[in-house]
Amino acid sequence: MRILILADRDWLHPNTGGHGLHIENNAKYWTEWGHEVTIITGRNPGELNVPLAHDVAVKRYGNRVTIHAIAAVLGVGNRLPAADVVLEYINGICWFTPLWLRSPSVTLVHHVHRDMYSAEFGRLGRIPALAAETLPLKLFYRKRRFIAVSQATKDELTSTCGLTPENISVVHPGVDIGDFRLFEKTQSPTMVFLGRLKAYKQVDKLITLLASVPDLTLDVIGDGDAEADLRRTAASQGVSDRVVFHGFVDHQRKNELLGRAWLAATCSTAEGWSSSTIEAAACGTPTIAYPIGGLRESIVHRETGLHVQSDEELLDGVRWLVGDQHIRTKLSRQARARALTLNWEQSARGILNELASVVESRRA
């Protein structure tokens, strides 16, 4: 089967996050199984002509915003690569494919971005959220077959965007457990955050609580436009010496930082699933988080980590995990066991079945 993927960023983009991780690990299996995979995506300076691994063909145009319009022009002009089915990743901006795409297609959504737009841009964020995501989904995508990465995302698509539940399948992302190994924990308490440094991730809350937890240090893995503000927050709280900004790191270093930490944490206000929590679990590190979106599913409360409902509970939860080695060891063991049940092969098979089903339905 020839699969064409529409994505605003491929997995080499420095700001791709779990979005790119999802594309790469599914595409890897599809090509291994003999399918042809091509990606149309936005350019990133520095990787204009860089090929992708796993025999995946890539065509880069414009940037992560303009690529949507460019793809539509290519589609109308019948200049898209030949494909049996198209997999469209909506990442906050719709491609409007029901208006111009003739091929069988499936739409995949990690999470609805409406709240994220507001977190990033304030009240004015409601306008681009409505124009780029909510209204297009309501008006043009009602008959489209969807894949959501969590039940939470499926619920958002039905309640916020008015889509039909029967048209939405849930396929959880996975983790390559063999790529992650256990490390000896640090001697002094260490907390780790893994993800893009964006306002909606609220990493500043993790930095602020350090002042109330003596000796706790925070490893921040990832980069983004909020880094300067976060450094200022650390300085204003007097904890700059206990916050380490690692930026983008390679897989080996990421594994080590996740594995040596006592706990992982996120205060994100929007997550469709959160692969970072599963990667931490694969390293035997439990995660504490607000039960937002897919975090309600990627973290099993009091089994692989903790759900907290407020900033006060977040502080109490961190203090509890730091102060109780028995519970940390228990959660660490259970988190690792849960990660073993999630793998990318299952994810790739589930999505491929949905793609094949749409192709067969069109033929029929």
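Only the coordinates and a few stated rules stand behind these numbers; no lab work does. Since this is a predicted model, take the numbers as computed values, not measurements. Positions of Cβ are generated from backbone atoms using ideal geometry, with glycine treated the same way; all protein chains shown enter the neighbour counts.
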**OP:** Compute the long axis of helix 227-236 from its Cα atoms, compare it with the longest principal axis of the Cα atoms of the chain, and write down the angle in degrees, 0 to 90, nearest 10.
**Re:** 20
Original post:
Between the helical axis of 67-76 and the dominant principal axis of the chain, each derived from Cα atoms, what acute angle in degrees is found, rounded to the nearest 10?
Top reply: 20
**OP:** Quick one: dipole size for the chain, taken about the Cα centre, charges +1 on Lys/Arg Cβ and -1 on Asp/Glu Cβ, in debye to the nearest 20.
**Re:** 740
**OP:** Restricting to the chain, compute how many DSSP beta bridges are antiparallel as a %, nearest 5.
**Re:** 0
Original post:
Which part of the range 48-83 falls in the paramagnetic zone of ARG2, meaning amide N under 12 Å from the point 7 Å along Cα-to-beta-carbon?
Top reply: 79-83
Subject >> Prolate/oblate/rounded label for the chain (Cα gyration tensor, a/c 1.5) >> reply: prolate
**OP:** Would you work out which of THR66, HIS301, HIS13 lies farthest towards the positive end of the dipole of the chain, given +1 charges on the beta-carbon of Lys and Arg and -1 on that of Asp and Glu, about the Cα centre?
**Re:** THR66
**OP:** Give me the angle, in degrees from 0 to 90, between the Cα long axis of helix 325-340 and the longest principal axis of the Cα atoms of the chain, rounded to the nearest 10.
**Re:** 20
**OP:** Taking the Cα centre of the range 1-157 as origin, sum charge times position over the Cβ atoms of Lys and Arg (+1) and Asp and Glu (-1), and report the length of that vector in debye to the nearest 20.
**Re:** 560
Original post:
Based on Cβ point charges of +1 for Lys and Arg and -1 for Asp and Glu, what charge dipole magnitude is obtained for the range 15-97 about its Cα centre, in debye rounded to the nearest 20?
Top reply: 340
**OP:** Using amide H atoms built 1.01 Å from N in the peptide plane, name the residues 5+ places from VAL170, or on other chains, whose amide H lies under 5 Å from its own.
**Re:** ALA148
Subject >> Spin-label model distance (nm) - ARG349 vs ARG253, 7 Å beyond Cα toward Cβ >> reply: 3.6
**OP:** Go ahead and collect, in residue order, the members of the range 182-206 whose backbone nitrogen is under 15 Å from a label point 7 Å along the Cα-Cβ direction of HIS246.
**Re:** 182-187, 190-197
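Quickly rank 287-298, 58-69, 27-38, 269-280 as a protection proxy: mean count of other C-beta atoms within 10 Å, highest first. Walk me through the numbers on the way to the answer.
Numbers: 287-298: 22.9, 58-69: 16.2, 27-38: 17.9, 269-280: 26.8.
Sorting 287-298, 58-69, 27-38, 269-280 by mean packing, highest first, produces 269-280, 287-298, 27-38, 58-69.
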**OP:** Would you mind calculating the gained length between SER212 and ALA82 on full extension (0.36 nm times residue separation, minus the Cα-Cα distance), in nm to one decimal?
**Re:** 41.0 nm
Subject >> Estimated inter-spin distance, THR341 and ASP55, nm [label 7 Å along Cα→Cβ] >> reply: 3.4
Original post:
Among all the aspartates and glutamates, which ones have a C-alpha under 17 Å from LYS185's C-alpha, if same-chain residues fewer than 8 places away are not counted?
Top reply: ASP215, ASP219, GLU256, GLU279, ASP324
Original post:
How would you rank 140-147, 124-131, 202-209, 323-330, highest first, on the average number of other Cβ atoms within 10 Å across their residues?
Top reply: 202-209, 140-147, 124-131, 323-330
Original post:
Could you name the lysines in cross-link range of LYS138, using Cα to Cα under 21 Å and dropping any fewer than eight places away on the same chain?
Top reply: LYS154
Subject >> Dipole axis of the chain (+1 Lys, Arg; -1 Asp, Glu on Cβ), positive-most option in LEU182, ILE292, LEU257 >> reply: ILE292
